Amino acid sequence: MDWGLQNRMARFIKSATGHTVMLAADHGYFMGPTRRLEDPRSTLEPLLPYADAIAVTRGVLRHSIPATSDVPIVLRVSGGVTVLKEDLSDEAITTSMEEALRLNVSAVALSVFVGAPHEHDSLVSLAELVDEGEALGMPVMAITAVGKELEKRDARYLSLACRVSAELGAHMVKTYYCENFEKVVEGCPVPLVVAGGPKLDTDRSVLELCAGAIEKGAIGVDMGRNIWQSDHPVAMIKAIRAIVHEKATVREALQTLTASKKTSGPAASLPS
Ligand code: R5P
């Protein structure tokens, strides 16, 4: 791996632990103004000090993250379809590598849709992006998207999607946590982070997901709704950090969460 590419990845994969807590806030690119991300700036501002990276589109980056911020950016560069369409796999590259360099981001990310109608296009986009990224020192993260088919989130499917992404050159992969997640990790030669998915019912479930993923070999999380849709987003991200970076157990992380709730207070704005 070339020095520049390695250096970019080291900005958000912390050398002290080899782990990362990435905050995902790119949902609007196909979901519109998602609950509690209606105003990304006010949602993200209190969380920036606790995120090792923020995953956003160029629109949210320019409008909602101060250019003076030193938080590393993972830039979503694929899109072109919305939740109003049945087939969410009809994506293409929507942001150029030149723009990614201009925005001084630390990595670019695109969704790959293994087994979906536009599987081929998304995989070719990944391979082309990797060629550009290798030439310019820009890491590429593949996101194994499942669209509306949540039942695809089993170890067999995710192992295939992650391995294919790595074989095509992705420098890291974002996927979903699942039963037998260790099988997904075993078959994937590049670092894996997990998304959180839709908001879970309890804080404990969120922390158990994080702890399970780390224990089974993920290097971290790239999580959104389970942080910023929480009534106490700062407390939640601190508890997740305890698991990812400090090897806290779920019990210890719950204690961190309870203590932080008292000091950090609720989310800035809490629409129902
Ligand atoms: C899809 O919208 C994006 O890739 C999200 O960044 C990803 O799903 C992670 O966010 P969440 O934890 O809310 O699922």
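In a reduced charge model with +1 at each Lys and Arg Cβ and -1 at each Asp and Glu Cβ, the chain shows a dipole moment near 1000 debye about its Cα centre.
Between the DSSP loop rule and a limit of at most 15 other Cβ atoms within 10 Å, which GluC sites (Glu not before Pro) in segment 177-210 are left?
Details: sites: GLU179, GLU182, GLU186, GLU208; in loops: GLU179.
Sites meeting the loop and neighbour criteria: GLU179.
Restricting attention to the chain, lysine pairs at least eight places apart or on different chains and with alpha-carbon atoms under 20 angstrom apart total 22.
Amide H contacts for ALA248 (H built 1.01 Å from N in the peptide plane; partners 5 or more residues away or on another chain; cut-off under 5 Å): ILE243. Relative to the longest principal axis of the Cα atoms of the chain, the long axis of helix 3-12 lies at roughly 30 degrees. Loop-resident trypsin sites (Lys or Arg not before Pro) (DSSP state other than H, G, I, E or B) in segment 72-148 with no more than 13 further Cβ atoms inside 10 Å of their Cβ: LYS85, LYS148. Placing +1 on the Cβ of every Lys and Arg and -1 on the Cβ of every Asp and Glu, with nothing else charged, gives segment 1-46 a dipole about its Cα centre of roughly 120 debye.
Just name one of VAL193, THR82, THR20: the one whose Cα is farthest towards the positive end of the charge dipole of the chain (beta-carbon charges, Lys/Arg +1, Asp/Glu -1). Result: THR20. Round to a whole angstrom and tell me the spacing of the C-alpha centers of segment 64-92 and segment 197-234. The two parts, judged by their Cα centres, are 20 Å apart.
Where only DSSP H runs of four or more residues are counted, the chain gives -12000 deg cm²/dmol as its mean residue ellipticity at 222 nm, each run worth -39500 (n - 2.57).
Against the chain, whose longest principal axis comes from its Cα atoms, helix 250-264 is set at around 70 degrees.
Sequence-ordered 3J(HN,Hα) estimates for segment 52-61 from the Karplus curve with 6.51, -1.76 and 1.60 and θ = phi - 60° stand at 7, 6, 10, 9, 9, 8, 5, x, 5, 4 Hz, glycine and proline given as x. Projecting the Cα atoms of MET223, VAL124, VAL71 onto the charge dipole of segment 3-230 (Cβ charges, centred on the Cα centre) puts VAL71 farthest toward the positive pole. Between the helical axis of 155-167 and the longest alpha-carbon principal axis of the chain there is an angle of about 60 degrees. Neighbours of ALA259, meaning other residues whose beta-carbon lies under 11 angstrom from its beta-carbon, give a summed charge of +2 when Lys and Arg score +1 and Asp and Glu score -1.
In what sequence, highest mean first, do 137-143, 245-251 appear when ranked by Cβ atoms within 10 angstrom?
Values: 137-143: 25.7, 245-251: 15.1.
Taking the mean over residues of other Cβ atoms within 10 Å, the ranking is 137-143, 245-251.
Pull out the extension gain between GLU252 and GLU215, defined as 0.36 nm times the separation in residues minus the alpha carbon to alpha carbon distance; nm, one decimal.
Values: separation 37, 0.36 × 37 = 13.32 nm, distance 1.51 nm.
Taking 0.36 nm per residue and subtracting the Cα distance, the gain is 11.8 nm.
Work out the length of the dipole vector of segment 15-141 about its Cα centre, built from +1 on the beta-carbon of each Lys and Arg and -1 on the beta-carbon of each Asp and Glu, and round it to the nearest 20 debye. List each step's numbers first, then the result.
Values: 8 positive and 18 negative charges, 113 e Å.
My answer is approximately 540 debye.
Checking Cβ-Cβ separations below 4.7 Å across the chain identifies CYS178, CYS210 as cysteines lacking any candidate disulfide partner. Measuring how big segment 3-230 is from its alpha-carbon positions, Rg and Dmax come out at 16.0, 44 Å. Of the GluC sites (Glu not before Pro) found in segment 25-101, the ones in coil according to DSSP and having at most 15 other Cβ atoms within 10 Å of their Cβ are GLU38, GLU86.
Values in this text are rule-based calculations from the coordinates and carry no lab data. Quick caveat, the model's predicted, so the values are computed rather than measured. As a convention, Cβ positions derive from the backbone with ideal geometry for all residues, glycine included, and neighbour counts pool all protein chains shown.
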